[in-house]
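These notes concern the structure reproduced below.
The values are calculated or read from the model by the stated rules, or taken from the named source; none is laboratory data. Computed from a predicted structure; not experimentally measured. Using ideal geometry, Cβ is built from the backbone for each residue, glycine included, and neighbour counts are taken over all protein chains shown.
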Amino acid sequence: MALERGYTVDFCEPETSWKFDACELERRNKHGVPQEKILQMLERFSSPVSVDAVLNSEEPSHVQQRRRADRDRRPPRTRARTGNQHY
């Protein structure tokens, strides 16, 4: 969407000495992400990131599975009735 609207997209990485240090990342993150999960994310991380890499990427299978499970748990949608319906 950004490219379609003429924006320039830049991917910036922190220039810290601890950006790949799972122990330090666990200590500093504000979301309570455990070190084990951070290690998993670091294993999947690939660099350098580019616009082409993002545009050609696929959603990870574990995310697809979670989305399917969430969708299956949702109650079915019901149509709202309007006064214009004839039976």
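One table, with the values for the structure above:
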quantity	calculated
Total residues in segment 1-14, condition over 22 Å from residue 46 (Cβ atoms) and surrounded by 10 or more Cβ atoms within 10 Å (Cβ to Cβ)	0
Residue among 17, 61, 57, 47 that is of a type outside the set (Phe, Trp, Tyr), loosely packed, with under 11 Cβ neighbours inside 10 Å and at pLDDT 90 or above	17
Residue in segment 41-48 that is assigned to a helix (DSSP H, G or I), out of contact with any strand residue (DSSP E or B) (no Cβ under 8 Å at 6 or more places or on another chain) and touching a residue at least 40 places away in the same chain (Cβ under 8 Å) present	no
Test: residue in segment 30-39 that is basic (Lys, Arg) and modelled with pLDDT of 95 or more	yes
